[in-house]
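First up is the structure itself, then whatever we jot down about it.
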Amino acid sequence: MTGTRHLIGLLLGTEEDWPSAFEEILRRLGPVAGAGGTRHTFDCERIAIEPFSLRARPRYDLAIDRLAYWYYHPREWLKKVALMDGVYLLNSPFTFQSMEKHAAYCAMMRLGLKVPETVLVPYKNPVDNARYAYTAARYNRPFDLDAIARRIGYPLFMKPYDGGAWRGVSRVRDQAELHAAYDASGEMLMHLQQAIDYDVFARSLSVGAETMVMRFQPEQPMHLRYAVDHEFLSPQVGAEVVTIGRLVNAFFRWELNSCETLVKDGEVYPIDYANACPDLALTSLHYYFPWAIKALVKWCVFTLVTGRQPRLDTDTGAFFAIADRAGASYADKLAGYRQLADAYFETERYDDFCARSLPHLDEVVLDWAAGPAFDGLLIETVRSTYPAHEHDHFIAHLRGLHGLWVRDETTRVRRHQ
Ligand SMILES: Nc1ncnc2c1ncn2[C@@H]1O[C@H](COP(=O)(O)OP(=O)(O)OP(=O)(O)O)[C@@H](O)[C@H]1O
Ligand SMILES: [Mg+2]
């Protein structure tokens, strides 16, 4: 039997929880059989930041990146290994240019999605560049901020065009708040966006061909934002939310991303779906954490064993052709986008592969999650995340939610045996 060893690299910042879980599951998974009886083994290493020759061959076959959005050295390393060495990347740095809200809004509006009305206004304060004053004096036109706000209607949201983690986000109720928020925006470039008075907030996390839709409560503290709730959307709306998440990812070639949608009277409004580094923290995902790690392992293994080719190019024309189909309804277009997205993610092949080559993975993850290794990770994570006086509270809280997952998953796995 031939054997292939695959090395997965993790390009990490400060996270310790999901990488430890990922490494552990991969280790427990053991060899995987591929087509024609091939045998595949997997190793995982954390990538160090060090000088590299542009002609050096990397040792990695696949890299999961959580760093390069912020730092240039790892970003340039990723570009090199993508262009020169065919390393498979989650996600490709060539898509960062559109990994702000703005480009993602534009693309999804172009495809006919219900993105709330959004306006980009110029910087409140000039950026720190000697030439800008001249340019601004010559070309910046005075504009009527109040008129823009009136057109959008109050309340509205003012938020950075490239935001994340609520930085600079404000809900603006009137003219006074509008000016206060704009004055405070300083050198940040801001969108004004129509507020959706939603019934329910659905946030999905996609890893390759899999998507988990979760009920999100942004008004809650971090550890309570994801509610454990399996039937908060009608099947039709749930499917639409999944399609939107996959569509965004297939369009931009993002393979690890989260997507925020607001649902009002059965209509789905996407508001934020460009996350270079979607939240995978044990403390926020809690019940859904084992699913996320398992999906990540599955997608990496699928990619490596089947030799899925990384795609640096996008294929926007195929999506635009559907958007422009004469007489096509919104539902028709969504169905077309879903087909393109499923083709990009090879959803059917992925499902077959998981059934055939990874039938034992559910048990492996359950065994890990129900045992002392997971509990140790939970305790470590709480200790490094919260102040000492909150440790007991958070350990109990997370153990409760995690125990619920173990019970639900045990039932699910037994049912399928
Ligand atoms: N158009 C909108 N209508 C209603 N609520 C909105 C809208 N835009 C933003 N919000 C609210 O503001 C929050 C933060 O907005 P947004 O997600 O755009 O910013 P962010 O900085 O990316 O935050 P995060 O990191 O939590 O995703 C959202 O979770 C939502 O509660
Ligand atoms: Mg958001």
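A short reminder: the numbers here are calculations on the coordinates, not readings from a lab. Nothing here was measured: the structure is a model prediction, and the numbers come from that model. Note that we place each Cβ from the backbone using ideal geometry, even for glycine, and neighbour counts take in every protein chain shown.
For the reader, a short list of remarks on this structure follows.
- On the stretch given as region 140-189, residues that are out of contact with any Leu (no Cβ under 6 Å at 6 or more places or on another chain) and within 16 Å of ligand 2 (Cβ to nearest atom) total 14.
- Only one entry of LEU78, LEU62, LEU83 meets the criterion of being on the phi < 0 side of the Ramachandran plot and either touching a Pro at 6+ places or on another chain (Cβ under 7 Å) or of a type in the set (D, E, K, R) (or both), and that entry is LEU78.
- Selected residue [in a helix (DSSP H, G or I) and within 16 Å of ligand 1 (Cβ to nearest atom)] from SER258, SER284: SER284
- Restricting region 233-255 to residues that are hydrophobic (A, V, I, L, M, F, W, C), away from ligand 1 (no atom under 16 Å from the Cβ) and in contact with a strand residue (DSSP E or B) (Cβ under 8 Å, 6 or more places away or on another chain) leaves a set whose member that is farthest from GLU15 (Cα to Cα) is VAL237.
- Residues satisfying the stated conditions in region 121-171, i.e. surrounded by 12 or more Cβ atoms within 10 Å (Cβ to Cβ), under 15 Å from MET188 (Cβ atoms) and within 14 Å of ligand 1 (Cβ to nearest atom): PHE157, MET158, LYS159, PRO160, TYR161, ASP162, GLY163, GLY164, GLY168, VAL169, SER170
- Verdict on GLU255 being buried (at least 19 other Cβ atoms within 10 Å of the Cβ), closer than 26 Å to ASP162 by Cα and in contact (Cβ under 8 Å) with a residue 40 or more places away in the chain: yes
- All conditions but one from (1) more than 16 Å from ligand 1 (Cβ to nearest atom); (2) under 20 Å from SER92 (Cα atoms); (3) crowded, with 23+ Cβ neighbours inside 10 Å apply to ASP313; the one that does not is (3).
- Qualifying positions in region 73-114 - closer than 30 Å to SER53 by Cβ, outside any helix (DSSP H, G or I) and hydrophobic (A, V, I, L, M, F, W, C): VAL87, LEU89, LEU90, MET99
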